[in-house]
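Throughout, read-outs are computed from the coordinates displayed, never taken from laboratory work. What you see is a predicted model, and the numbers here were worked out from it, not measured in a lab. Positions of Cβ are backbone-derived with ideal geometry, glycine not excepted, and every protein chain shown enters the neighbour counts.
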Amino acid sequence: MLAIVDYDAGNLRSVQRACRKVGLTAEIVADPRLVESAERIIFPGVGAATSAVDTLKERGLDKALLSAFQKGTPILGICLGAQIILEHTEEDDRDCLGIVEGICTRFEPDDPTLKVPHMGWNGVEVTQPHPLLEGVENGDEFYFVHSYFPRPSHAGNVYAVTDYGTSFCSALGRKNLFATQFHLEKSGRFGLSVLSRFAHWDGCLTT
């Protein structure tokens with residue numbers, strides 16, 4: 001089973017529909033036992049980090065995600081799911097899941113023409129190869145909606161960057177976990193291509 005983690009953080013149905021488009025059967029689940037036993041996991045999300053982390057902990061989904069990660073289950077984070085896998089977020093000064101070392105930081109652009117949240121299409125630059133980014137060319141555009149961005153502590157966890165007044169990490173990963181700040185389900189054929197590769201990814205960093 002492919003589990004889409006339900007922690008009241010929105011956009012779950014759109015992620016499920018995107019999965020169907022690439023031939024993936026995905027179930028939206030809030031039961032930590034189902035998440036922990038899933039063959040692969042999508043961890044999406046929009047909204048506030050504080051309420052998201054609270055709900056994850058209330059439902060025991062934080063421990064289920066960590067257990068699945070430690071077992072080697074392929075996990076794909078999207079947007080908020082790419083932020084709260086880090087150790088800490090500046091949003092309400094909150095500790096997060098800590099699967100990847102680093103923090104989540106708010107945009108503070110010096111350019112007054114750059115609005116926060118960063119919203120719309122923007123290009124990515126792949127900084128190191130990853131099986132889920134095969135075929136993605138530098139400059140390919142994906143869809144973003146976010147006010148905060150991930151800052152992994154180690155460059156080895158950064159797989160793509162995007163420029164919005166500053167160069168920020170837009171794709172990160174560690175072992176069998178990969179996550180994108182951009183919304184795969186809203187990113188047209190490029191987003192669907194990443195989802196399609198996730199359907200066959202075994203969690204290894206080499207193909």
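Some points to look at:
- Residue list for the range 77-107, restricted to those being closer than 14 Å to Ser147 by Cα and without any contact (Cβ under 8 Å) to a residue 40 or more places away in the chain: Ile84
- Selection count where residues are surrounded by fewer than 21 Cβ atoms within 10 Å (Cβ to Cβ), part of a loop (DSSP other than H, G, I, E, B) and either in contact with a Leu (Cβ under 7 Å, 6 or more places away or on another chain) or of a type outside the set (Ser, Thr, Tyr) (or both), scope the range 69-98: 4
- Each residue in the range 8-29 was checked for being at positive phi and either more than 15 Å from the chain's Cα centre (by Cα) or surrounded by fewer than 18 Cβ atoms within 10 Å (Cβ to Cβ) (or both), and 3 of them qualify.
- Matching residues in the range 100-124 - criterion: being under 28 Å from Asp62 (Cβ atoms) and either touching a Leu at 6+ places or on another chain (Cβ under 6 Å) or part of a strand (DSSP E or B) (or both): Val100, Gly102, Ile103, Cys104, Thr105, Arg106, His118
- Here is the figure for the range 188-202: residues that are in contact (Cβ under 8 Å) with a residue 60 or more places away in the chain and closer than 8 Å to Phe142 by Cβ total 1.
- Residues of the range 39-56 include at least one that is of a type in the set (A, V, I, L, M), outside any loop (DSSP other than H, G, I, E, B) and within 22 Å of Tyr159 (Cα to Cα).
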